[in-house]
1. Give me the number: length gained by fully extending Glu55 to Ser31, i.e. 0.36 nm times residue separation minus the C-alpha to C-alpha distance, one decimal in nm.
2. Counting only other residues whose beta carbon sits under 15 Å from that of Val63, what net charge do I get with K and R as +1, D and E as -1?
Amino acid sequence: MCYGWNRDYQNAREIPRGPHAGKGPKNYHRSDERIQDDVNDRLTQHGTLDARDIEVRVQSDVVTLTGTVDSRQQRRMAEHVAALVTGVQDVHSELRINQMQHQGQQAQAAQQQQSVH
């Protein structure tokens, strides 16, 4: 018995993974515009990453991230999110840490440590 695509796999997350995952049709190549849209979507959907000050550019499958984030952890998260998008060959990060925010976080952490002791 054979079922149609819509019946077997209600959404893309149900597509079975296997030894041929990532092997696309002959001559298939994702456009830079599509990669950029996917990176932007995933940065927007990320629950713990504030991407409002991040700009995404894509050229020849290489993603470049520019702008500012609040911490090194957020910079690493943004780079990781971009790297996971299908078609991305490399990620160049020009993201800077928002120094005012970073200094505020450091001061707050120091205050919390002092109150503990």
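Laboratory data are not the source of any read-out in this text; all were calculated from the coordinates shown. Note that this is a predicted model, so its numbers are computed, not measured. Positions of Cβ are backbone-derived with ideal geometry, glycine not excepted, and every protein chain shown enters the neighbour counts.
1. Taking 0.36 nm per residue and subtracting the Cα distance, the gain is 6.8 nm.
2. Computed value for this residue: -4.
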